[in-house]
1. Which of the residues spanning region B:283-299 are at the interface with chain A (Cβ under 7 Å from one of its Cβ atoms) and either open to solvent by less than 10 Å² (accessible area, probe 1.4 Å) or over 28 Å from the mean Cα position of the chain (by Cα) (or both)?
2. I'd like to know if region B:142-156 contains one or more residues that are assigned to a loop (DSSP other than H, G, I, E, B) and either closer than 24 Å to B:Asn234 by Cβ or in contact with a Phe, Trp or Tyr (Cβ under 6 Å, 6 or more places away or on another chain) (or both).
3. Can you find, within region B:67-110, the residue that is farthest from B:Thr172 (Cα to Cα) among those that are touching a helix residue (DSSP H, G or I) at 6+ places or on another chain (Cβ under 8 Å) and of a type in the set (D, E, K, R)?
4. Out of (1) within 30 Å of A:Glu265 (Cβ to Cβ); (2) charged (D, E, K, R); (3) without any contact (Cβ under 8 Å) to a residue 24 or more places away in the chain, the odd one out for A:Lys154 is which?
5. With respect to A:Thr68, determine if the residue is away from every other protein chain (no Cβ under 14 Å) and out of contact with any Ser or Thr (no Cβ under 9 Å at 6 or more places or on another chain).
6. Considering each of B:Ala199, B:Ala254, B:Ala205, B:Ala229 in turn, give the residue that is of a type in the set (A, V, I, L, M, F, W, C) and out of contact with any strand residue (DSSP E or B) (no Cβ under 8 Å at 6 or more places or on another chain).
7. Considering only region B:257-273, how many residues are of a type in the set (S, T, N, Q) and within 7 Å of another protein chain (Cβ to nearest Cβ)?
8. Does A:Ala218 satisfy being crowded, with 22+ Cβ neighbours inside 10 Å and either of a type outside the set (Val, Ile, Thr) or within 11 Å of A:Val231 (Cα to Cα) (or both)?
Protein chains: 2
Amino acid sequence: MAKLVECIPNFSVSRERDEPVFRALVDTANSVPGCTLFDVQTDGSHNRCVFTMIGSPEAIEEVAFRLTRQAAETIDMTKHEGQHPRMGATDVIPFVPQKDVTLEECVEMSRRVARRIWEELQIPSFLYEESATRPERRNLAACRKGQFEGMPAKLLEPDWAPDFGERRIHPTAGIVAIGARMPLIAFNINLSTSDLEIAKAIAKAIRGSSGGFKYCKAIGIMLEDRQVAQVSMNMVNYEDTPLYFAYEMIKTLAERYGTSVVGSEIVGLTPAAALIDCADFYLRLENFDKKTQVTEYGLLNTSWE
Amino acid sequence: MAKLVECIPNFSVSRERDEPVFRALVDTANSVPGCTLFDVQTDGSHNRCVFTMIGSPEAIEEVAFRLTRQAAETIDMTKHEGQHPRMGATDVIPFVPQKDVTLEECVEMSRRVARRIWEELQIPSFLYEESATRPERRNLAACRKGQFEGMPAKLLEPDWAPDFGERRIHPTAGIVAIGARMPLIAFNINLSTSDLEIAKAIAKAIRGSSGGFKYCKAIGIMLEDRQVAQVSMNMVNYEDTPLYFAYEMIKTLAERYGTSVVGSEIVGLTPAAALIDCADFYLRLENFDKKTQVTEYGLLNTSWE
């Protein structure tokens with residue numbers, strides 16, 4: 001095994017609302033040798049699905065293009081309804097370095113795929129996150145603001161020409177955000193309170209946008225069934241803002257509000273390193289080199305005949 | 001990739017004292033396709049070296065035999081000197097399950113290799129750890145007691161017939177211990193004291209043999225250069241006696257003696273799972289399934305063309 005890239009495209013369709021279209025996308029995801037579909041999440045109320053694929057850079061580029069073409073042929077955004085914000089049949093395509101690949105290489109991949117999607121499918125795109133061509137496009141939410149319905153007008157604004165393609169959406173497939181980013185970890189911490197305001201106050205305190213940890217995005221939400229207030233986070237760079245930063249700071253802030261942490265959860269995938277770094281911190285390891293001392297890294301770097 | 005087994009044979013030679021013999025063993029370790037030499041440790045004062053290899057069960061069985069033959073042809077135990085207890089040119093051969101292999105399969109491997117080593121090389125063996133045929137042979141130290149020089153007499157004792165081979169050592173290669181075991185983690189905890197007696201008292205309290213954790217072996221030692229007392233442990237089953245059990249209990253015991261934990265270290269390799277389980281504990285993760293949520297496990301279970 002050599003270079004590995006992860007791709008997590010989001011499509012504006014769900015198994016719950018249109019099983020044949022969903023199935024065809026799954027088949028397309030499995031159509032490229034050298035690429036593996038790890039995980040599929042589908043949500044009927046969002047009317048959206050998310051695929052997690054890992055493979056060689058070449059295979060990932062090819063499958064990202066084929067999936068965008070497949071989605072464009074089968075999803076009509078003029079008829080799409082769902083709770084989640086969206087602007088295209090293929091809504092967003094992130095590329096994430098997994099092994100022996102740099103973030104810069106993933107940026108190059110995103111640009112090649114964006115160019116091909118415009119040239120062969122006439123679907124325009126915004127480059128976001130590390131691929132962004134200007135600061136305000138790094139944020140996906142800023143790119144998507146206005147959603148599918150507002151995009152024809154938005155693309156005519158001086159600052160919102162697509163990075164690839166002309167100033168008009170594809171009539172049924174809309175526009176897509178494409179970019180490279182570090183692995184993101186969905187990390188949530190549950191409090192021993194049903195007071196949503198406390199979770200919101202803690203989320204505001206720890207997120208980078210309001211003065212907290214640079215690579216932590218956070219909101220306060222309510223787990224209605226358990227009557228538990230939760231700080232729901234995206235850790236967008238676990239190397240520079242480790243999970244234990246968030247855990248320890250939330251523990252301290254919870255105490256300040258007279259409550260405490262009852263548990264946490266990781267939604268979806270995490271790199272082993274994010275958790276190994278926590279063990280390193282809590283066990284006070286000295287001179288531990290995970291790349292040479294953790295067996296699995298050796299296994300991943302070794303090829304057997 | 002399918003089944004993977006780790007093998008960590010110990011030989012009674014060191015690069016420091018006999019480089020040509022040492023080099024020939026390294027070459028032999030690299031002579032079997034499907035098997036990778038991960039790590040080599042050599043110690044001149046012990047006059048001993050330890051190889052860490054991982055590969056398919058078939059490749060590992062073959063390389064274990066070839067190494068034993070190579071060591072028998074080049075190491076003369078009648079002339080061996082070193083600080084570490086030893087009884088054979090190849091002193092001990094542990095087989096450790098790494099991936100999609102059971103401990104029972106490793107026991108079967110150990111028995112096949114022991115049989116072949118007797119039949120083709122006339123070197124007898126004791127089966128130890130999980131492969132042991134009677135309880136007192138599980139412990140390697142018990143098997144090795146008397147060392148090379150004492151083995152001819154020991155093998156004539158009623159209870160100490162070899163598991164494979166006759167009641168006589170190989171004249172120059174001695175006898176070898178062969179067995180299957182779980183991955184072992186060398187985990188040491190440093191105290192903020194230079195009082196060796198405290199480290200010894202804590203080691204005694206936490207080791208399984210004297211009432212502590214079942215799968216923890218521990219001694220107290222002194223790091224002379226740092227003037228730091230250390231609890232030095234072998235964690236022989238990190239699933240049932242996790243690293244954080246040892247860490248937390250030693251933290252508590254250190255406090256009881258008026259001192260504290262300043263750091264810890266892992267010597268050599270550790271499975272990622274041993275550290276991920278610590279993160280799970282300290283972050284209070286709810287419903288975390290490392291086998292499906294840690295990316296690297298997915299990578300290891302996926303084969304790319």
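The values are calculated or read from the model by the stated rules, or taken from the named source; none is laboratory data. Owing to the predicted nature of the structure, the values given are computational and were not obtained by experimental measurement. Methodologically, a virtual Cβ is constructed for each residue, glycine included, from the backbone with ideal geometry; neighbour enumeration extends over all protein chains shown. With ligands, DNA and RNA removed, areas are computed over all heavy atoms of the protein, side chains included. Shrake-Rupley method; radii C 1.70, N 1.55, O 1.52, S 1.80 Å.
1. So in region B:283-299, the residues at the interface with chain A (Cβ under 7 Å from one of its Cβ atoms) come out as B:283-288, B:293-296, B:298-299.
Within region B:283-299, B:Leu283, B:Arg284, B:Leu285, B:Glu286, B:Asn287, B:Phe288, B:Gln293, B:Val294, B:Thr295, B:Leu299 qualify.
2. We begin by selecting, within region B:142-156, every residue assigned to a loop (DSSP other than H, G, I, E, B); these are B:145-146, B:155-156.
Now drop any that are not either closer than 24 Å to B:Asn234 by Cβ or in contact with a Phe, Trp or Tyr (Cβ under 6 Å, 6 or more places away or on another chain) (or both), which leaves B:145-146.
Yes: one or more hits.
3. B:Lys99
4. Only one criterion in (1) within 30 Å of A:Glu265 (Cβ to Cβ); (2) charged (D, E, K, R); (3) without any contact (Cβ under 8 Å) to a residue 24 or more places away in the chain is unmet by A:Lys154, namely (1).
5. Working: away from every other protein chain (no Cβ under 14 Å): yes; out of contact with any Ser or Thr (no Cβ under 9 Å at 6 or more places or on another chain): no.
Spelling it out, it is not the case that A:Thr68 is away from every other protein chain (no Cβ under 14 Å) and out of contact with any Ser or Thr (no Cβ under 9 Å at 6 or more places or on another chain).
6. Numbers: B:Ala199 fails: out of contact with any strand residue (DSSP E or B) (no Cβ under 8 Å at 6 or more places or on another chain); B:Ala254 fails: out of contact with any strand residue (DSSP E or B) (no Cβ under 8 Å at 6 or more places or on another chain); B:Ala229 fails: out of contact with any strand residue (DSSP E or B) (no Cβ under 8 Å at 6 or more places or on another chain).
Residue meeting the stated conditions: B:Ala205.
7. Restricting attention to region B:257-273, the residues satisfying the condition of being of a type in the set (S, T, N, Q) are B:259-260, B:264, B:270.
Next cut, within 7 Å of another protein chain (Cβ to nearest Cβ) only: B:264, B:270.
Residues flagged as of a type in the set (S, T, N, Q) and within 7 Å of another protein chain (Cβ to nearest Cβ) within region B:257-273 amount to 2.
8. On the way: crowded, with 22+ Cβ neighbours inside 10 Å: yes; either of a type outside the set (Val, Ile, Thr) or within 11 Å of A:Val231 (Cα to Cα) (or both): yes.
So A:Ala218 passes the test.
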